[in-house]
Amino acid sequence: MLEQLDIKNFALIDSLSVEFLDGFTVLSGETGAGKSILIGALSFVLGGKAGVEQIRAGETEASVSASFCIKPGTVSPAAFAWLDEHGIELENDRVLLRRYIRSTGKSGAWIQDVQVTRADLSAFSSFLIDIHGQHEHQSLMRVAEHRVFLDNWAGLQQTVADFTRMYAQLVAVQKKLEELRTGQQDRERRIDMLTFAVQEIADAKIQAGEDERLEEEESKLASYEKLYADVEEMSSLLDGEGGIVSLLKKLRGAVSHAGQYDKNLAGTGSRIENSFYELTDIADEIGNYQRSLVFDPERLASVQDRLALLYSLKKKYASSSAAPVAEVLAYKADAEAQLAELTGGAENREALQAQYNSLMKQVYAAAKSLSAQRSAAAVKMSEQIETVLAALGMGSTKFQVCISEKPGTAVEQQCGSYGMDDVEFRISANPGSPLQPLAKIASGGELSRVMLAIKTIFAETDMVPTMIFDEIDTGIGGEVAVAVGSHIKKLAEKRQILCITHLASIAVYADNQIKVEKAVNKGVMQSHIHPVTGERRVEEIARMLSGDPAGAESLEHARSMLEKFSIGKNAEDMHG
């Protein structure tokens, strides 16, 4: 579960540290106080998108850290496997996530003390928290998402991924067959072009790395006069009259003579002796090199002609004239492979057709199997969602996960990348009314409750320990809000739940309540956060009820609701 969140210079937040408890926690406050900023900061440290606009005005860096307690049985075993795979160890069953972004756009992220990518952060945090964003229920309006909801709930993600790969193979083979069926004239033109290219490259008899070696040789031949002058000067300095070797020879004699009088010079004499022989050897090498230097204009012309040919081939068959000659050779190999395929004729087509027919049968069988699994899961999912909707004040609502086959006359048309099923959620909100597409008839409040129902049944199968609802109360009130609050309370018996709400009828069910406030400090707007308990919580509930945190009637109503719906320490605190 999420234990602590530390935020610095994020949006309107200067510096903030907040501890979270288990159970059901409500975050309340006036509109614009910064409740969603808090969720934004949490999304940021969980691997969400980052932008310099998130940095507090006047600052150069924003940072957020979040501490989680994870123990076996409270979180998916995949979370521990992920940590082991990345060499990250827990400390007292705790894991710390950290992330920063600077005004330069640079950002960094860590899990414990191991630096990770944003993708890593997002992948790992998905085991810890499920955030239902303020507008996430709008995904229910997109029919394409309904299939994803069903597959995820039924645990069919891997089955669907395997099917998608098989279907992609079918489409690829079909594409090759269509290419082989193209007009004979186009095919022959392609064969002629590839044959010419292969022959032209083959005639050139290119060797790997040849261009680099020739360029070096050309540079040497073209700069003969300068090179010879430099080598001649080196030879003169070393072995000429008064050169280094001659001077060392005299120095060697002088040190040898002086060594007769002081043996301490023996080491120096040995070093000079070694230097003399080393430089004598170098002088001989340079002399030999100088004698080997011959200006060969014919060889220079030959090298330049060869480079011109390679340049021409690169312009035709490589990514650019400056590309390595290896790209020309790679083009030749690819052209030969294409020629083999194009000239394979009937045998190649027959083999591809046989492969296509085999894949088509496999894809169809896999699609039928996947469809059967979806159909069975759809019945159970519909029943469970109706049960939850009844608890949320929609007892007469009928909900159905409808599955229909895609239209088409061929397997590849019937199926598509995810199988042969079109999945759509349908709903009947009133008794006797026919089932209609959810996107057509559901109100905002109904969509919120349907999404809450989906989140609820997902919570029964996954092991994500913390769920966050950002304004799940959109479009609801009255008895419906009471039902939603009661339902979230029950959900919090097995999960840590954080919920942003403006409704007192939901907030009174919470085990803990945190208030977010906005205030001006030294001319700068800042958000602050603090737990509210006892009489302060009564005042906050009163404000949520009527906007009047001090009115006797509002306070009495708030106290009455808390006594009725809140249990444990919170109820006791209200009496001081």
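The values are calculated or read from the model by the stated rules, or taken from the named source; none is laboratory data. Everything numeric here is computed off the predicted structure, so don't read it as measured data. Neighbour counts are summed over all protein chains in view; Cβ atoms, including those assigned to glycine, are modelled from backbone coordinates with ideal geometry. Remember, those area values only see protein heavy atoms, side chains included, never the ligands or the DNA or RNA. Shrake-Rupley method; radii C 1.70, N 1.55, O 1.52, S 1.80 Å.
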task: Give the range 79-94 a look and list any residue that's farther than 19 Å from Glu19 by Cα, exposed (fewer than 14 other Cβ atoms within 10 Å of the Cβ) and either of a type in the set (A, V, I, L, M, F, W, C) or in contact with a Lys or Arg (Cβ under 7 Å, 6 or more places away or on another chain) (or both), or say none.
output: Ala81
- request: Hey, could you check the range 1-25 for residues that are outside any strand (DSSP E or B) and among the small types (Gly, Ala, Ser) and say which is most open to solvent (accessible area, probe 1.4 Å)?
  value: Ala11
- request: May I ask you to verify whether Ser219 is touching a residue at least 40 places away in the same chain (Cβ under 8 Å) and either in contact with a Pro (Cβ under 8 Å, 6 or more places away or on another chain) or in a helix (DSSP H, G or I) (or both)?
  value: no
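One line per residue, one yes/no per condition, for (1) among the aliphatic types (A, V, I, L, M); (2) out of contact with any strand residue (DSSP E or B) (no Cβ under 8 Å at 6 or more places or on another chain); (3) modelled with pLDDT of 90 or more:
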{"position": "Ile7", "(1), (2), (3)": "yes, no, yes"}
{"position": "Ile13", "(1), (2), (3)": "yes, no, no"}
{"position": "Ala41", "(1), (2), (3)": "yes, no, yes"}
{"position": "Val45", "(1), (2), (3)": "yes, no, yes"}
{"position": "Thr60", "(1), (2), (3)": "no, no, yes"}
{"position": "Ile70", "(1), (2), (3)": "yes, no, yes"}
{"position": "Thr74", "(1), (2), (3)": "no, yes, no"}
task: Six or more apart or on different chains, Cβ under 7 Å: which pairs go from a residue in the range 379-398 that's without any contact (Cβ under 8 Å) to a residue 60 or more places away in the chain and among the small types (Gly, Ala, Ser) to one that's open to solvent by less than 60 Å² (accessible area, probe 1.4 Å) and outside any helix (DSSP H, G or I)? Could you list them?
output: Ser382/Phe399; Ser382/Val401
- prompt: In the range 472-499, what residues are open to solvent by 30 Å² or more (accessible area, probe 1.4 Å) and either at pLDDT below 80 or not acidic (Asp, Glu) (or both)?
  reply: Thr474, Gly475, Gly477, Gly478, Val480, Val482, Ser486, Lys489, Lys490, Lys494, Arg495
Options Thr461, Thr466: the member that is open to solvent by 20 Å² or more (accessible area, probe 1.4 Å) and in contact (Cβ under 8 Å) with a residue 60 or more places away in the chain: Thr461
task: Could you grab me the full set of residues in the range 141-158 that are farther than 20 Å from Phe399 by Cβ and either modelled with pLDDT of 95 or more or open to solvent by 70 Å² or more (accessible area, probe 1.4 Å) (or both)?
output: Gln157, Gln158
task: Quick one: which strands (runs of 3 or more DSSP E) lie wholly within the range 460-537 and hold at least 2 residues that are farther than 30 Å from Glu446 by Cα?
output: 512-521, 524-531
- request: Could you list, in sequence order, all residues of the range 39-78 that are farther than 20 Å from Ser107 by Cβ and either within 20 Å of the chain's Cα centre (by Cα) or of a type outside the set (Ser, Thr, Tyr) (or both)?
  value: Phe68, Cys69, Ile70, Lys71, Pro72, Gly73, Val75, Pro77, Ala78
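Taking the conditions exactly as written (at pLDDT below 85, assigned to a helix (DSSP H, G or I) and buried (at least 18 other Cβ atoms within 10 Å of the Cβ)), does Leu177 satisfy them or not?
Taking the combined requirement at face value, the residue does not satisfy it.
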